[in-house]
1. Pick from E272, E311, E48: which residue has the top mean-square fluctuation in a GNM of the chain where Cα pairs under 10 Å get a spring?
2. Test of understanding: express the Cα radius of gyration of the stretch 248-365 as a ratio to 2.2 N^0.38 Å, with N the residue count.
3. Could you tell me the center-to-center distance, by alpha carbons, between the stretch 224-262 and the stretch 153-206 in angstrom?
4. Can you list which of the trypsin sites (Lys or Arg not before Pro) found in the stretch 272-365 are DSSP loop residues with at most 14 other C-beta atoms within 10 Å?
5. Could you tell me the accessible area of D42 in Å² (1.4 Å probe, neighbours in place), rounded to the nearest ten?
6. Compute a Gaussian network model of the chain, connecting alpha carbons closer than 10 Å, and tell me which residue from K94, K228, K194 fluctuates the most.
7. Return the percentage of antiparallel bridges among DSSP beta bridges fully within the stretch 38-363, rounded to the nearest 5 %.
8. Inverting the mean 1/r over all pairs of different Cα atoms, compute the Kirkwood radius of the stretch 200-251 and quote it in Å.
Amino acid sequence: MIIAIIEMKKLFSYLLLLVFLSAAGCAKKNASAYYSNGVKPDSVYTVEVHTLNDSSIWRFPLQMECTDSLLVILDYMDDCYFHVYTLSGNPKGKFARKGQGPGELLSANQFHLSPGKDTLYVYDGVSRKLVAYNLDTNLERDRSFTEYKIDYSILPPSETPFIIYDLLPLGGNQFLLKANQPNLRYGCINLATKQITSVYKDFPSEYVTGNAEEIWSVFSSDTRTFFKPDYARMFNATYIGGILELFSVGSGWELAMDTTLCIYEPVYGLAEGTVPAFVVGNEKTQLGFEDAYAGNEFIYALLHEKGDAMEPESVIVFDWQGNAVKEMRTGQRLARFCVDETHNVIYALASDEENGYKLVRICSD
């Protein structure tokens with residue numbers, strides 16, 4: 001009788017385990033349950049848009065930034081990657097020629113300014129080097145720069161090839177390294193000592209269906225990753241689907257997850273023959289964050305609307321807790337933008353029928 005009772009308890013335990021595993025499997029498969037399929041800002045209003053330059057030709061703008069006197073646009077056209085304008089839209093110069101020589105680049109997808117906005121950092125993943133250009137000089141085509149070669153041999157051992165997507169300046173010789181694997185998703189690298197310390201490993205796999213490499217790609221490739229100007233917070237925003245991760249930054253640059261805002265579920269295809277796996281959009285993909293910008297007060301985003309693959313017409317503003325506080329409607333398709341919070345001004349590249357894009361100024365107050 002006692003043996004029978006024990007066997008019944010074992011059977012009951014096994015049944016409970018099966019129920020738990022089944023529920024866990026369903027939770028994984030029903031990742032869409034996490035997603036809101038849009039945002040509802042507290043305030044929605046229309047803003048004025050003023051054209052600054054509609055005669056320059058931009059081919060494929062990837063990013064733009066502003067200083068107290070200049071606009072810097074990353075767009076490979078002519079023979080240079082970076083193009084400089086005054087805040088009124090007048091061209092002032094260009095730099096970073098395409099090539100393999102000193103100060104030249106073979107690829108550039110994102111860049112970052114130093115806290116004083118006098119140095120521009122860009123990671124060239126093809127040449128495996130970081131180049132720091134001095135912005136505080138005459139705006140000539142050739143300007144002073146410093147190069148750092150990135151030695152992949154210092155990365156942790158891995159059977160899956162590492163991809164370094166970006167290097168964000170932390171001060172001095174230290175940079176936040178953005179990579180594609182849990183043992184080094186984000187790491188602090190000292191380029192002088194060639195030492196790397198992992199500061200964050202997790203990928204929020206519960207929100208995405210797919211294998212590990214696909215999930216790594218969703219949260220690493222074609223995403224916008226920026227620090228708040230005071231370096232107290234950081235965000236990562238996905239282009240495939242719409243997921244906004246918000247992190248707190250510790251004293252040793254350790255990252256702690258604060259909030260994960262799930263807007264659109266990542267549905268994607270795979271680039272053929274890539275190792276590791278690389279996700280791409282397909283006919284079922286809902287695009288998420290076209291661009292995003294980190295301000296001291298807010299996070300600003302060009303977020304696609306549900307079912308709309310064209311450039312967004314509105315700037316969505318989130319607080320650093322992930323709440324959508326306002327939406328600024330412009331009536332124009334915006335591809336890239338940057339924000340001057342001090343003067344409540346947004347600079348953007350808007351779609352233009354004649355030249356592809358035009359440079360505009362938006363009053364955000």
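1. E272
2. Values: Rg = 16.6 Å, N = 118, 2.2 N^0.38 = 13.5 Å.
Normalised Rg, Cα atoms only: 1.23.
3. The distance from the Cα centre of the stretch 224-262 to that of the stretch 153-206 comes to 15 Å.
4. Details: sites: K284, K306, K326, R329, R333, R336, K358, R361; in loops: K284, K306, R333.
Those satisfying the criteria are K284, K306.
5. 130
6. K194
7. So the antiparallel bridges amount to about 95 percent of the total.
8. 11.8
The values are calculated or read from the model by the stated rules, or taken from the named source; none is laboratory data. Because the structure is a prediction, the values reported are computed rather than measured. Glycine also receives a Cβ, built like all others from the backbone with ideal geometry; neighbour counts cover every protein chain displayed. Note: accessible area is taken over every heavy atom of the protein model, side chains too, but ligands, DNA and RNA are not part of it. Shrake-Rupley method; radii C 1.70, N 1.55, O 1.52, S 1.80 Å.
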